[in-house]
Amino acid sequence: RAKANGRGQAIEYDPELDRERQQVAELEGLLKSAINSGAIEAVFQPLVSASTGAVTGLEALARWRTATGNISPEIFIPLAERCGLIDALGVHMLRTSIEHAKSWPDLALSVNVSPIQLCNPEFAAEVISVLQELDFNPNRLTLEITEGVLMTNPDQARRSIDQLKRVGIKFALDDFGCGYASIGALRQFGFDRMKIDRSLVWALDEGANGADVLRATISLATALRIPVTAEGIETTRQAAILRDAGCDQLQGYLIGKPMSAYDISSKLEEESAA
Ligand code: C2E
Ligand code: MG
Ligand code: MG
Ligand code: MG
């Protein structure tokens, strides 16, 4: 490590830190060309009705497959945010998932949006122009955002959300329960849906009060007339508890893993045949 002495000067050259920086720079370069060449792909995870089990929507999730293996969005999304590539990545994801979703006309589409995109004053206009260009009904689109943005730049976030809601786009508050998002935020920003974070769902199998916490959370959303999706459902027991607690939409490996557009189409065909 490069250590600073008492007067704040770096006194030691650290080859390891240098190597780290070089690796990050290299990864940024690779990410940039991956975005530009369309190598970042969308996979789709089913969202099902809690009451009927029917697929009602799909969430698009970004995938980056490289020659040496897959890189998780938990790594490359923050990287894109740090190095100024998130706007380009976000528009690419919106475009490519809409292009696929056009072949599933009965389903809603959810796309994740980074807080940084939402704080870009040009974001709303860009989304609207992509929808127009691709002739996609805005009522079918939900943008999923995490609460971070609501704290860092609430005014710009609100302007973007208002502008997009006016054309019919819906908003879901993602990962609810793992950060600081308040019930107040749900109301103030006019969210159309709350997504309960998978950590809260998994807590059902850990502590004694996991189910109570979930029920209380869902009751609050219901009191605000905001429907609730539970994510990360892996067992039938979790699904049963969430359904009883009033979740109207379920998502998770139990119901369906994220799949390629091709596999989603076959799954939908199977379902409609059955
Ligand atoms: P998220 O939006 O909360 O997405 C849910 C994550 O949980 C996804 O991970 C999904 O594959 C995973 N998941 C769903 N059901 C289960 C389950 O039953 N068990 C387990 N273990 N995992 C489950 P993924 O695809 O790795 O994405 C991670 C996060 O990266 C997303 O969390 C989202 O915040 C971000 N992300 C992904 N794609 C995009 C994108 O296109 N744009 C932006 N801004 N963020 C994205
Ligand atoms: Mg999401
Ligand atoms: Mg989530
Ligand atoms: Mg998440």
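The values are calculated or read from the model by the stated rules, or taken from the named source; none is laboratory data. Please read these numbers as outputs of a predicted model, since none were measured by experiment. Reconstructed Cβ throughout: ideal geometry from the backbone, glycine too, with neighbour counts over all protein chains shown. With ligands, DNA and RNA removed, areas are computed over all heavy atoms of the protein, side chains included. Shrake-Rupley method; radii C 1.70, N 1.55, O 1.52, S 1.80 Å.
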ask   = Scanning for something part of a helix (DSSP H, G or I), open to solvent by less than 20 Å² (accessible area, probe 1.4 Å), away from ligand 2 (no atom under 16 Å from the Cβ) and over 13 Å from residue 35 (Cα atoms), does the range 63-77 turn up at least one residue?
value = no
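Being surrounded by 21 or more Cβ atoms within 10 Å (Cβ to Cβ), in a strand (DSSP E or B), of a type in the set (A, V, I, L, M, F, W, C) and more than 16 Å from ligand 4 (Cβ to nearest atom) is the requirement here; does residue 109 meet it? Explain how you work it out, then say what you get.
On the way: surrounded by 21 or more Cβ atoms within 10 Å (Cβ to Cβ): yes; in a strand (DSSP E or B): yes; of a type in the set (A, V, I, L, M, F, W, C): yes; more than 16 Å from ligand 4 (Cβ to nearest atom): yes.
Criteria met by residue 109.
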message = I'd like the full set of residues that are closer than 16 Å to residue 97 by Cα and either open to solvent by less than 20 Å² (accessible area, probe 1.4 Å) or out of contact with any Lys or Arg (no Cβ under 6 Å at 6 or more places or on another chain) (or both), limited to the range 38-55.
response = 38, 39, 40, 42, 43, 44, 45, 46, 47
ask   = In the range 197-247, which residue that is among the polar types (S, T, N, Q) and not in a helix (DSSP H, G or I) is farthest from residue 48 (Cα to Cα)?
value = 209
query = Before we move on, is residue 254 aliphatic (A, V, I, L, M), at pLDDT 90 or above, away from ligand 2 (no atom under 16 Å from the Cβ) and under 18 Å from residue 45 (Cβ atoms)?
reply = yes
message = Any residue at all in the range 81-89 that's touching a strand residue (DSSP E or B) at 6+ places or on another chain (Cβ under 9 Å), open to solvent by 10 Å² or more (accessible area, probe 1.4 Å) and closer than 28 Å to residue 249 by Cα?
response = no
query = Somewhere in the range 121-131, is a residue more than 13 Å from the chain's Cα centre (by Cα), in a loop (DSSP other than H, G, I, E, B) and modelled with pLDDT of 95 or more?
reply = yes
